Structure formats: structure tokens, C-alpha cells
Amino acid sequence: MTRTYPPLEFGPAGDELTTVRYSDYEKVGRKLVEWATNGPGSWPKNMDDLRAALDGVVTFPPQITRLTVVQSYDDPSGENFEFILRLPAKGQVNESLDLARNGQYEQPPVIAALASKTDPQTGELLSPERQFYARVADYTMRQCR
């Protein structure tokens, strides 16, 4: 069954109309780590800023028009952590639940760089640091639905 709710599939070769396409997971991860490290002044302010910052490494569908950036607060004392609970869109949950009830739900595949620990473009083995950046790109962006 084809999904009707506009999900965002993240990967180098999407399979749906509203797909966020990556050309380089590691570069995306590096940019996300840079923003996480440098704080709010370094973050993109809107989708135009995000598209410009990730130009050449991520292509977003035109239907994505708004951007919200949040970062959990981790108190250096280790005492006061913030947990941000981001719930998925109601339509997406209902559609996925219907698919699951009909035996048609499948988890999205893990990206090639994580499954094989190799660069999808070159086939070279990824170092642990490069794997880290690819993983940051994958888990951070998948939370952005």
C-alpha cells in the first residue's frame, strides 16, 4: 500500500513523492553537530536558511515551508535535564496504525552507511567518527517529521 499521509522518507533515493533526499549523510551530521555545539545563534531561522545551509547535501520537498528548531537543555551539573517529547502527526499515526492492523506496516530500512558501515557513494569503510555523523543525521532528521 502506498502511504497517503505526507511522510518524510529520508535517504539517498526516496520512494515517495514527499521525500527528503540526502547526498551525504556525514556532511548533514557534521552540520547538525555544529549547530548543537554552537547554539541558537548558529541555527537556521527558517526553511530558506535550512535549505541554504544544507544545499548540495539535502533536498527538501517544496511542501515543507516551516521550520522549528529546539534543543534539549543539559545542565552541566548533571542535575536538571530537559526531555522534549515530540509526538508524531495524528494523520501519520492513524495511517501507520491502519497499515499495521492490516499487516502492511514495514519499518523504514536503516540507511546504508549504518547497516554496512560503508560510504554509500564510495563503498569505503566508514571510520567510527564518520559513522557517528551519519547516525546523527539519520536519527536527528527522522525526528523532524
Starting with the fewest neighbours, write out 21, 86 ranked by other beta-carbon atoms found within 10 Å of each beta-carbon. 86, 21
With θ set to phi - 60° and the Karplus curve 6.51 cos²θ - 1.76 cosθ + 1.60, what are the ³J(HN,Hα) couplings of the range 121-136 in order, to the nearest whole Hz, using x for Gly and Pro? 7, 10, x, 6, 5, 7, 5, x, 5, 5, 4, 4, 4, 5, 5, 4
Taking 129, 95 and counting other C-beta atoms within 10 Å, the order from fewest to most: 129, 95
Separation between Cα centres of the range 74-109 and the range 120-135, rounded to whole Å: 26 Å
Under the 0.36 nm per residue contour assumption, what length would be gained going from the current alpha-carbon distance of residue 38 and residue 106 to full extension? 20.8 nm
Figure the gain on full extension for residue 46 and residue 98 (residue separation times 0.36 nm, minus the Cα-Cα span) and round it to one decimal in nm. 15.4 nm
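Readers should treat all values here as calculations from the given coordinates under stated rules, not as data from a laboratory. Remember, predicted model here, so these are calculated numbers, not experimental data. Neighbour counts run over all protein chains shown; Cβ positions are idealised from the backbone, glycine included.
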